[in-house]
Structure formats: C-alpha cells, structure tokens
Amino acid sequence: MYYGLIMLSTLIFSGCFWFKDIYREQKGSSFKASFEFSFYSGIAGFLALLIINKFSFEFSPFTFIIAMIAAVNGLLFTICSFKALDKINLSVYSVFSMLGGMALPFAIGIIFYNEAMTLSKGLCFVCILIAILFTLQKGESKKGTKYYLGVFVLNGMSGVLTKIFTAADYTKTSPAGYSILTSVCSIALSAIMLFIISRKEKLPKTNSKVVFACLGSGIANRLANYILVAALLFVDASVQYPMVTGGVMIISTLICLFTGKKVSKCEMLSVLISFIGLMCLFLIK
C-alpha cells in the first residue's frame, strides 16, 4: 500500500517542474517573482491540505521548528530554480534536482538512521544515477553553476528534513499537520519578503497561465509531499526517494511521448535503466 502511495506522489510530482517553468516564462526569474510564486502557490497548497485534514490545525514546538526550516529551504529552492532555468534548460535542471532529491535522503537514511544497505537498494541507486546522467546534455552555460548546485542541495534537504521529522521522538503533529504548518510558514515568509521588495520591482501582469501555474504547483507539490511524509513513517528513505526519482523520470518521458514532444534516444535509454532499477528494488530481496 505504501509503495502505491509513493508512486501516486511520483505521478503528482511529475507536473511540478512544468508548472514552475510556465510561471517563470510569464513572470521572469527575479526575486520578487520567486516570492510571489511561493506566496500564491503556498495559499493554494494550504487550502488543499486544510480540506484533506478536515479543517483541523495542529501544532507542536518541534513541528513548528522543522516546518520553518522546511519553508526557508523551499523558498531558497524556488529562487535557485528560477535563476537556474534562466541559465540552463529544463532537462539539465531536472537532472540536478532529481539527483539531489535522491542522493541526500538515501545517504542520510543509511548513515544516520541505520537503514539497511541491501543489494536491491544499491542496484536501484546505481541504475537511477546512470539514468539521470544519460539525460545530461553538453554545452550548457557554466554561469548557472551556483544555482543548480543550490537546486541539488536544497531539493535533497527537503527529503532530509522529512526524514528528521518522521524519525524524531519529540512530540509532533500528524503528517497532515506538519504539511499544513510548513505551508503557513512558507506563506508568511513569502508575504514578508514581498512587502520588503514590493516597491523596488515591477512584474508583468498576471494572466490565466500564471494563475494555472500557481494553483497547479501549489496543490500538486503540497499534496505529493504530504503523501511522502505519511509513507516515510513506514518505508525507508533509502527506498522511497530512489523510487520517486526513477518514477518521475519514467512518467515525465511518457507525458512527452503522449503530448507529441520529441524524446531522444538517450532519454529513452535512461527510462529503461530507471525501470530496471525500480524492478531491482521490488524483486531482489
């Protein structure tokens, strides 16, 4: 059942890169654009989670601390994402984002939380690492290095913080309560930053594409993360995050095929290798 939940979150996550890129194309990649995106997508995600949690709000000091750190991490990730997408294409951005999202939680789970290092985990990790590198294209600008390294670390830290929250023995809220509190912190931080810089910068007018991107990203991102928090209570981080990374690669490529977009031979090969990696995880004890 929990593997099924992880695959559901993977399906939802597959659209998040796309929503973010739509917004960036319409509004640019400035700091104000990043804060505005985080603010409006945060509200959309907060409302969706509130409905899921039947309009109940939970609080504990430990949950608030982790939620605030996660909100700061998410805000920095959005800034780095927009800046990176100005310098490199979506393919390269996705590589660093997915690699960080898989590698850091995998390492943390094995090293600090005594998760068993099995043959199936090792083969899956290596297969998906190879698959990601196959999608990397040459000739990209090196000017974005600090931003896509930021994408690597910050996306990985999202999984690390989730693992810290679920594994801690302190008094804490439910996964839904944690996700809601993270959304509240994100909205508050974004609002403060928007107020500080609102007079210094003007953005293009909001249109239907911007609204669509904010709603889609906010709901998809918060819902997918909520599912991962719930699943991580029962599944090792060293299993969950390689599953998410490999699954996103496969589903994203299938979306391209069904929407008529060109898929290279390297991308098809990377999907095949990802699939092999996931089969290793499921079939090898």
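The values are calculated or read from the model by the stated rules, or taken from the named source; none is laboratory data. The structure presented is a predicted model; accordingly, all values stated were derived computationally and were not measured. Cβ placement follows ideal geometry from the backbone for every residue including glycine, while neighbour counts extend to all protein chains displayed. All accessible areas refer to the heavy atoms of the entire protein, side chains included, with ligands and DNA or RNA removed. Shrake-Rupley method; radii C 1.70, N 1.55, O 1.52, S 1.80 Å.
Brief remarks follow.
- Wholly enclosed helices (runs of 4 or more DSSP H) of the stretch 1-64 bearing at least 3 residues touching a Lys or Arg at 6+ places or on another chain (Cβ under 9 Å) and of a type in the set (A, V, I, L, M, F, W, C): 31-52
- Restricting attention to the stretch 164-179 and to residues that are outside any helix (DSSP H, G or I) and closer than 19 Å to Ala224 by Cβ, the residue that is most open to solvent (accessible area, probe 1.4 Å) turns out to be Ser174.
- Tally, over the stretch 49-91, of residues that are closer than 17 Å to Ser183 by Cβ and among the small types (Gly, Ala, Ser): 6
- Test set (1) touching a residue at least 24 places away in the same chain (Cβ under 8 Å); (2) part of a helix (DSSP H, G or I); (3) small (Gly, Ala, Ser) - Ala116 fails condition number: (2)
- When the stretch 12-44 is filtered for residues that are within 12 Å of Ser190 (Cβ to Cβ), crowded, with 21+ Cβ neighbours inside 10 Å and not aromatic (Phe, Trp, Tyr), the ones remaining, listed by number, are Ala33, Ser34, Glu36, Ser38, Ser41, Gly42.
- Listed here are the helices (runs of 4 or more DSSP H) enclosed by the stretch 187-285 that have at least 2 residues being within 19 Å of Phe35 (Cβ to Cβ): 208-231.
- Residues of the stretch 51-65 satisfying the condition of being open to solvent by less than 50 Å² (accessible area, probe 1.4 Å), farther than 12 Å from Pro175 by Cα and among the β-branched types (Val, Ile, Thr): none
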